[in-house]
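Down below is the structure, laid out as structure tokens.
The values are calculated or read from the model by the stated rules, or taken from the named source; none is laboratory data. Every value quoted in this text rests on a predicted model; they were computed, and no experiment measured them. Here the Cβ positions follow ideal geometry from the backbone for every residue, glycine too, while neighbour counts run over all protein chains shown. Calculation scope for accessible area: heavy atoms of the full protein, side chains included, ligands and nucleic acids excluded. Shrake-Rupley method; radii C 1.70, N 1.55, O 1.52, S 1.80 Å.
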Amino acid sequence: MDLITTALPALSDAFAMILQPHVIGYLVLGVCMGLAIGVFPGLGGIAGLSLLLPFMFGMEPLTGLALMVGMVAVVPTSDTFASVLMGIPGSSASQATVLDGFPMAKKGKAARALSAAFASSLFGGLLGAAFLTFFILAARPIVLLFKTPELLMITIFGLSMVGILAGRVAIKGIVAACLGLLVGTIGEGASAGALRMSTYDMPYLADGLKLVIVGLGIFAIPEIIALLRQDKAISDRAQLGGGWLEGVKDWWANKWLSVRCSLIGVMVGVIPGLGGSVVDWIAYGHTVQSAKDKENFGKGDVRGVIGPESSNNAKEGGGLVPTLLFGIPGSGSMAIFISGIALLGTGSIEVGPSMLKNNLDFTYAIVWLLALANVVGTLICIAASGGIAKLTSIRFALLAPFLFMIISFAAFQSRQDLMDLVALFSIGLLGILMRRFDWSRPAFLIGFVLSDPAETYANQAVQIANSRFRKGFGEGLEYVFSPIVIILIIITVTSVVVGLRQAKNIMAEGEVKSGSKRAPLIFLLAVLGYIIAAYWNAQLIPDYSSADRVFPVFVGTIGIIGGVILFVQMMLKPETHALFSDREAQEADINIFGLWPTLAWFAGLLALTAMFGFIIALAVFLLGFMTYRAGKSPVFAGIYTAAGISFICGMAWLLNRDFPAGWLQTAVDLPWPLK
Amino acid sequence: MTISTTTRALAIGLTASLATGAYAGGHGIDLEGKTVEWIIPFSETGGSAKWANFYAPLLSEALPGTPTVVVKFMPGAGSTKGANFFQEQEYDDGTLIFGSSGSTQFPYLLGDPRVKYEYGDWNVVLASGTGGVAYLPPDLAGKMADGGVSAISGEDFIYGSQGATRLDLVPLLAWEMLGLNVEPVFGIKGRGDGRLMFERGEANIDYQTSSSFLSGVAPLVEAGTAVPWFSFGALDADGNIVRDPTFPDMPTFKEVCDMTDGCETSGTQWDAWKAFFVAGFPAQKMVFLPAGASNDAIVTYTAAFEEIKARADFAEISAKRLGVYPQMTGDEAQVALQSATAVPAEAKDFVVNWLGERYGVTLE
């Protein structure tokens, strides 16, 4: 093979292209913009790239690439801030970081967690680029080996991570995952267009729920509400741990873990069709499984930060393979990236199968721009982490309304519909209750994320396999049980067996005491009720759309069996058993405010928005919250409100977005931003 | 006649001669300092986004007063959400335009109950066409070269499809007319995924729109792993299907159908295919002003798009991004709109019936 002879000259060309002052300048500009956008939970590469697109037309290809790559590369770096400091997953790539990062912040080790995360991100990004430099030349045939059965097996492997994250009562974790899978099936089925748990009278549901809303609802809202009820700062003790240097040392002590998780990140990223939303969970699962002492996971173990953060930046590099070599975007931001590339220059860079042959130098330039952006982004983030970490010592009542404003805005970007906010609030309520009764939220989220790929790949694999079997039994077997599938089955089975054995020791969300029997039982019945309803609803799908029926019925059956087992256990076991975990009982002493009064504030924001539109509602909400809940002077509340409103308006103006409209807006024509 | 009316008449005459033929008589509107919102009823990641992102900066330069043109994405309910929204908008000052696509036209033609919009109310200012190419793996193409379509009619075909009611309706119906036994595998997210399925050897028949064919399949053809079969064709000025200008060497589906026993290029089935082909390809993407738009605004936008087409570099910059297809304005766009949104009742009934029988799709 003449890999080296073609690769080396192209590589040196690429470096000559990158290492020009103006290219670096645009890259840094892109990095700064990416950091600024990624910091806000729920906003990521898609929002940032849409902001850049109008400038891409006819731009010199290299500078345009530098700008876009700089932007995309650092979003998974900067969204770590929200994950660690606020317990809010900044984007789908940092969901798993929350599990250990946030407890560290609560213990006053925010700076340490952040710098460990950034060091891991940087390393992951660089390792990913180095790996890609060689792999990309051989990638095409390897990627093509991953057919539908292989993709299905990887999805199932991802689902098997539920085993590790299931919590103390494994069946609860499994039922939570089933619930997530079922929530993921809401809407039009992908195979035959049958409706599941929705009607065309509510078009919002027919499209299904979006990850950004479910992610924010299930993690962010419960944390915000919980912290607000305690009415103190996130970190209840003074900053300790010596700041950022400590975190870098932590990373160095776990460098091999970081290597392994980076490789996981690149490899999952390389496979088209899976996207990166599970890569952090797989990395987290691997981190836990490979650790000798596991009792600290979920309570602030730095390895739980290093693992997922090493993987998520590496994944961006891996994601370039399907994007550049096949023209198939691995994620939403990559799709915009492709359309941005098409606008550059005279459109001479054609993403797709000819990319390696015609534009190998540009391919390498993109790979190494990505790595360089990681370096620049990480340095900026580490420099800023000490200061930003101080946010954790601010009284939370002052942060919460601002956070609520941001996540509402982010959620609204998903469909630009008031229902976005309703969905956010409803999922948030589910998240609050799951947190309270110690049902594994990670298991739910993994189920939700993998619901669509699991169903689609399963249906497709069955269909194609049937066709192969019609041609010949041997051909069918060969298709279904390829060597890759068999290896994946072995890995998955091992991981499930080992995981379930260890799950009892791993409290991904900390320890929870048990309370009385009644409340956990009611919640179980509600969950079971939904699962039965979803099962029943799926059973009604007629035969000609059976492809949309099989999956929810299958998952529903498992969920119902699990739920009934739980119910029977609850009847038999004493109320001190872990089944009856109830955070209300545990946190009774530290909660100053009740759940419902706290929640009522946000329900109020929602109701006001439905009436007067978001901006007016927000003004009333911020003023009221600051005056009555936070107990600040009217002057302070006024300034806070003005600052908040101008911030959100500035952001919307920059991203060219509208706000949710209410009843008032249908009656009267108002100017932006009120419209 | 007073002096003022004379000057006015003169002014009108002047503007009329300056304005484009189709809508002579308008004053044009000035959009200086304004922001034009271009609603795309799809997400940021689709083909319509690519198309709008290509035109937006050019449109900004070409409109009087060089307003900012921003593309606003409003996905949902297979694009009917954004279209319904646009239907409710009243014409104000010409700062709101809408980009529709084949996926917006099909539910309208098929009588999808979610459709609350009416193409007849809107004012078309640009219609962009595209084409499509069907291709096969080399072994099957070889068999067919030897024995015609009947040599592969016994094959088990697998096709990665986005859904029978989408643009895929056109190729699915085409293959059925040729007597091929094609099983669509639903649930893919875009045509790119369909091509990947083909490349992995799981699907053994596929089609791509022209620009995707050029970027994604042409290299495979070069490498010998795919063989082009036919293009869907293009429309001439009289509405006849002719060879696609981007692929002049490829037979059209009509030619292939003519040569195949049992495939008729007349009758209800053919009319239905042609009607939906026209709605889905030669007039795939259109730009509209809302109902009640003033003649001035229509003239202004028409002129702007004509100015874009007249750019010296337009052929070069559009070829890669849009393919070599007509970008129609004025009367041409009107005709395109007509042919894309008016389907004979029998053709519609045939397709609705076929979708129900073949794929169990009911549009209720």
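Might you check whether a residue that is closer than 27 Å to A:Gly124 by Cα and of a type in the set (Phe, Trp, Tyr) occurs anywhere in the stretch A:392-410?
Checked the stretch A:392-410: no residue is closer than 27 Å to A:Gly124 by Cα and of a type in the set (Phe, Trp, Tyr).
Mind listing whichever residues of the stretch A:99-125 are within 19 Å of the chain's Cα centre (by Cα), small (Gly, Ala, Ser) and open to solvent by 10 Å² or more (accessible area, probe 1.4 Å)?
Correct list: empty.
Could you please let me know if B:Gly201 is in contact (Cβ under 8 Å) with a residue 60 or more places away in the chain, within 14 Å of chain A (Cβ to nearest Cβ) and open to solvent by 20 Å² or more (accessible area, probe 1.4 Å)? Can you show your working first?
Numbers: in contact (Cβ under 8 Å) with a residue 60 or more places away in the chain: yes; within 14 Å of chain A (Cβ to nearest Cβ): yes; open to solvent by 20 Å² or more (accessible area, probe 1.4 Å): yes.
In short, yes.
Read through the list (1) more than 14 Å from chain A (Cβ to nearest Cβ); (2) under 17 Å from B:Met286 (Cα atoms); (3) not aliphatic (A, V, I, L, M), then give the number of the only condition that B:Glu346 fails.
Single failed check for B:Glu346: (2).
Collect the residues in the stretch B:74-90 that are part of a helix (DSSP H, G or I) and at positive phi, keeping them in residue-number order. Explain how you work it out, then say what you get.
Taking the stretch B:74-90 and keeping what is part of a helix (DSSP H, G or I), we get B:77-88.
Correct list: B:Ala77, B:Gly78, B:Ser79.
Being within 8 Å of another protein chain (Cβ to nearest Cβ), open to solvent by 10 Å² or more (accessible area, probe 1.4 Å) and part of a helix (DSSP H, G or I) is the filter here; which residues of the stretch A:340-366 pass it?
Listed by number, the residues that qualify are A:Ala342, A:Lys357.
Based on what the data block shows, is A:Ser451 crowded, with 18+ Cβ neighbours inside 10 Å, part of a helix (DSSP H, G or I) and without any contact (Cβ under 8 Å) to a residue 60 or more places away in the chain? Break it down stepwise before answering.
Numbers: crowded, with 18+ Cβ neighbours inside 10 Å: yes; part of a helix (DSSP H, G or I): yes; without any contact (Cβ under 8 Å) to a residue 60 or more places away in the chain: no.
So A:Ser451 does not fit the description; no.
Would you please name the residue that is least open to solvent (accessible area, probe 1.4 Å), looking only at residues in the stretch B:290-330 that are at positive phi and more than 14 Å from every other protein chain (Cβ to nearest Cβ)? Break it down stepwise before answering.
Step one: of the stretch B:290-330, the residues at positive phi are B:292, B:323, B:330.
Still in the list and also more than 14 Å from every other protein chain (Cβ to nearest Cβ): B:292, B:330.
Numbers: B:Gly292: 67, B:Gly330: 5 Å².
For the stretch B:290-330, the residue satisfying everything is B:Gly330.
Test A:Leu65 against the criterion of being within 15 Å of the chain's Cα centre (by Cα) and closer than 30 Å to B:Leu58 by Cα, and give yes or no. Please lay out each step first, then the result.
On the way: within 15 Å of the chain's Cα centre (by Cα): no; closer than 30 Å to B:Leu58 by Cα: yes.
Spelling it out, it is not the case that A:Leu65 is within 15 Å of the chain's Cα centre (by Cα) and closer than 30 Å to B:Leu58 by Cα.
On the given criteria, is A:Ala138 more than 30 Å from A:Phe362 (Cα to Cα) and touching a residue at least 12 places away in the same chain (Cβ under 8 Å)?
On the way: more than 30 Å from A:Phe362 (Cα to Cα): no; touching a residue at least 12 places away in the same chain (Cβ under 8 Å): yes.
No: the conditions fail for A:Ala138.
Go through (1) in a loop (DSSP other than H, G, I, E, B); (2) touching a helix residue (DSSP H, G or I) at 6+ places or on another chain (Cβ under 6 Å); (3) within 14 Å of chain B (Cβ to nearest Cβ) and name the single condition A:Gly58 misses.
Going through the list (1) in a loop (DSSP other than H, G, I, E, B); (2) touching a helix residue (DSSP H, G or I) at 6+ places or on another chain (Cβ under 6 Å); (3) within 14 Å of chain B (Cβ to nearest Cβ), A:Gly58 breaks only (2).
Within the stretch B:164-181, how many residues turn out to be within 22 Å of B:Thr362 (Cβ to Cβ) and open to solvent by 10 Å² or more (accessible area, probe 1.4 Å)?
Residues meeting the conditions: 4.
Being at pLDDT 90 or above, within 14 Å of chain A (Cβ to nearest Cβ) and open to solvent by 30 Å² or more (accessible area, probe 1.4 Å) is the requirement here; does B:Glu61 meet it? I'd like the intermediate steps shown before the answer.
On the way: at pLDDT 90 or above: yes; within 14 Å of chain A (Cβ to nearest Cβ): yes; open to solvent by 30 Å² or more (accessible area, probe 1.4 Å): yes.
For B:Glu61, the condition - at pLDDT 90 or above, within 14 Å of chain A (Cβ to nearest Cβ) and open to solvent by 30 Å² or more (accessible area, probe 1.4 Å) - is met.
So how many residues does the stretch B:242-263 have that are surrounded by 14 or more Cβ atoms within 10 Å (Cβ to Cβ) and under 18 Å from B:Gly147 (Cα atoms)?
7
Name the one entry in B:Pro245, B:Pro228, B:Pro219, B:Pro282 that is of a type outside the set (Lys, Arg) and assigned to a strand (DSSP E or B).
Numbers: B:Pro245 fails: assigned to a strand (DSSP E or B); B:Pro219 fails: assigned to a strand (DSSP E or B); B:Pro282 fails: assigned to a strand (DSSP E or B).
Testing whether each residue is of a type outside the set (Lys, Arg) and assigned to a strand (DSSP E or B) leaves just B:Pro228.
With the condition kept exactly as written, say whether any residue in the stretch A:1-9 is crowded, with 24+ Cβ neighbours inside 10 Å, in contact (Cβ under 8 Å) with a residue 60 or more places away in the chain and assigned by TED's automatic domain parsing to the domain that holds A:Ile282. Break it down into steps so the answer makes sense when it comes.
Of all residues in the stretch A:1-9, those crowded, with 24+ Cβ neighbours inside 10 Å come to none.
Checked against the condition, which is being crowded, with 24+ Cβ neighbours inside 10 Å, in contact (Cβ under 8 Å) with a residue 60 or more places away in the chain and assigned by TED's automatic domain parsing to the domain that holds A:Ile282, the stretch A:1-9 yields no hits at all.
Looking at B:Lys320, is it touching a strand residue (DSSP E or B) at 6+ places or on another chain (Cβ under 7 Å) and farther than 16 Å from B:Tyr119 by Cα?
Values: touching a strand residue (DSSP E or B) at 6+ places or on another chain (Cβ under 7 Å): no; farther than 16 Å from B:Tyr119 by Cα: yes.
No; evaluated as a whole, the condition is false for this residue.
If I filter the stretch B:121-138 for residues that are away from chain A (no Cβ under 14 Å), surrounded by fewer than 21 Cβ atoms within 10 Å (Cβ to Cβ) and touching a residue at least 40 places away in the same chain (Cβ under 8 Å), do I get at least one hit? Show your work before the answer.
Of the stretch B:121-138, the ones away from chain A (no Cβ under 14 Å) are B:121-134, B:136, B:138.
Of the ones still in play, those that are also surrounded by fewer than 21 Cβ atoms within 10 Å (Cβ to Cβ) are B:121, B:138.
With the extra rule that they be touching a residue at least 40 places away in the same chain (Cβ under 8 Å), the set shrinks to B:121, B:138.
Looking through the stretch B:121-138, at least one residue is away from chain A (no Cβ under 14 Å), surrounded by fewer than 21 Cβ atoms within 10 Å (Cβ to Cβ) and touching a residue at least 40 places away in the same chain (Cβ under 8 Å).
Considering the stretch A:407-436 alone, what residues qualify as being more than 14 Å from every other protein chain (Cβ to nearest Cβ), open to solvent by 10 Å² or more (accessible area, probe 1.4 Å) and either over 15 Å from A:Gly42 (Cβ atoms) or not aliphatic (A, V, I, L, M) (or both)?
A:Val422, A:Phe425, A:Ser426, A:Leu429, A:Leu430, A:Ile432, A:Leu433, A:Arg435, A:Arg436
Look at A:Met419 and say whether it is more than 30 Å from A:Ile154 (Cα to Cα) and in a helix (DSSP H, G or I).
Working: more than 30 Å from A:Ile154 (Cα to Cα): yes; in a helix (DSSP H, G or I): yes.
Criteria met by A:Met419.
Please determine, by comparing only the residues of the stretch A:373-390 that are crowded, with 24+ Cβ neighbours inside 10 Å and within 20 Å of A:Phe131 (Cβ to Cβ), which one is nearest to the other protein chains (Cβ to nearest Cβ). If you could, list the steps in order and put the result at the bottom.
The initial filter retains those residues of the stretch A:373-390 that are crowded, with 24+ Cβ neighbours inside 10 Å, namely A:373-374, A:377-378, A:381, A:385, A:389.
Imposing the further condition that a residue be within 20 Å of A:Phe131 (Cβ to Cβ) reduces the set to A:373-374, A:377-378.
Working: A:Ala373: 21, A:Asn374: 24, A:Gly377: 23, A:Thr378: 27 Å.
Here the answer is A:Ala373.
Could you check, for the stretch A:257-280, whether at least one of its residues is acidic (Asp, Glu) and surrounded by fewer than 21 Cβ atoms within 10 Å (Cβ to Cβ)? Step through it out loud before you land on a result.
To start, the set of residues in the stretch A:257-280 that are acidic (Asp, Glu) comprises A:280.
Filter once more, so that each one left must be surrounded by fewer than 21 Cβ atoms within 10 Å (Cβ to Cβ): none.
Checked the stretch A:257-280: no residue is acidic (Asp, Glu) and surrounded by fewer than 21 Cβ atoms within 10 Å (Cβ to Cβ).
Looking at B:Ala315, B:Ala303, B:Ala333, can you tell me which residue is without any contact (Cβ under 8 Å) to a residue 40 or more places away in the chain and either over 19 Å from the mean Cα position of the chain (by Cα) or in the same structural domain as B:Gly111 (by TED's automatic domain parsing) (or both)? Step through it out loud before you land on a result.
Numbers: B:Ala303 fails: without any contact (Cβ under 8 Å) to a residue 40 or more places away in the chain; B:Ala333 fails: without any contact (Cβ under 8 Å) to a residue 40 or more places away in the chain.
Residue meeting the stated conditions: B:Ala315.
Which residue, of A:Met68, A:Met56, is open to solvent by less than 10 Å² (accessible area, probe 1.4 Å), modelled with pLDDT under 85 and closer than 25 Å to B:Val69 by Cα?
Values: A:Met68 fails: modelled with pLDDT under 85.
Only one candidate qualifies: A:Met56.
Could you count how many residues in the stretch A:126-136 are touching a Ser or Thr at 6+ places or on another chain (Cβ under 8 Å) and open to solvent by less than 10 Å² (accessible area, probe 1.4 Å)?
2
Scanning the stretch B:30-44 for residues that are in contact (Cβ under 8 Å) with a residue 40 or more places away in the chain and either open to solvent by 10 Å² or more (accessible area, probe 1.4 Å) or assigned to a helix (DSSP H, G or I) (or both), which turns out nearest to B:Thr209 (Cα to Cα)?
Taking the stretch B:30-44 as the starting set, the residues that turn out to be in contact (Cβ under 8 Å) with a residue 40 or more places away in the chain are B:31, B:34-42.
Remaining after also requiring either open to solvent by 10 Å² or more (accessible area, probe 1.4 Å) or assigned to a helix (DSSP H, G or I) (or both): B:34-35, B:37, B:42.
On the way: B:Lys34: 35, B:Thr35: 32, B:Glu37: 27, B:Phe42: 18 Å.
So, considering only residues that are in contact (Cβ under 8 Å) with a residue 40 or more places away in the chain and either open to solvent by 10 Å² or more (accessible area, probe 1.4 Å) or assigned to a helix (DSSP H, G or I) (or both), the one nearest to B:Thr209 (Cα to Cα) is B:Phe42.
What is the residue count in the stretch B:170-189 for residues that are aliphatic (A, V, I, L, M) and within 13 Å of chain A (Cβ to nearest Cβ)? Give the derivation first.
Here is the first cut: in the stretch B:170-189, the residues aliphatic (A, V, I, L, M) are B:170, B:172-174, B:177-178, B:180, B:182, B:185, B:188.
From what is left, the residues that are within 13 Å of chain A (Cβ to nearest Cβ) are B:182, B:185, B:188.
The total comes to 3.
When you go through (1) at pLDDT below 90; (2) open to solvent by less than 60 Å² (accessible area, probe 1.4 Å); (3) within 14 Å of another protein chain (Cβ to nearest Cβ) one by one for A:Ile484, which number turns out not to apply?
Only one criterion in (1) at pLDDT below 90; (2) open to solvent by less than 60 Å² (accessible area, probe 1.4 Å); (3) within 14 Å of another protein chain (Cβ to nearest Cβ) is unmet by A:Ile484, namely (1).
Residues to consider are A:Met161, A:Met197, A:Met153; find the one that is over 23 Å from the mean Cα position of the chain (by Cα) and not β-branched (Val, Ile, Thr). Explain how you work it out, then say what you get.
On the way: A:Met161 fails: over 23 Å from the mean Cα position of the chain (by Cα); A:Met153 fails: over 23 Å from the mean Cα position of the chain (by Cα).
Residue meeting the stated conditions: A:Met197.
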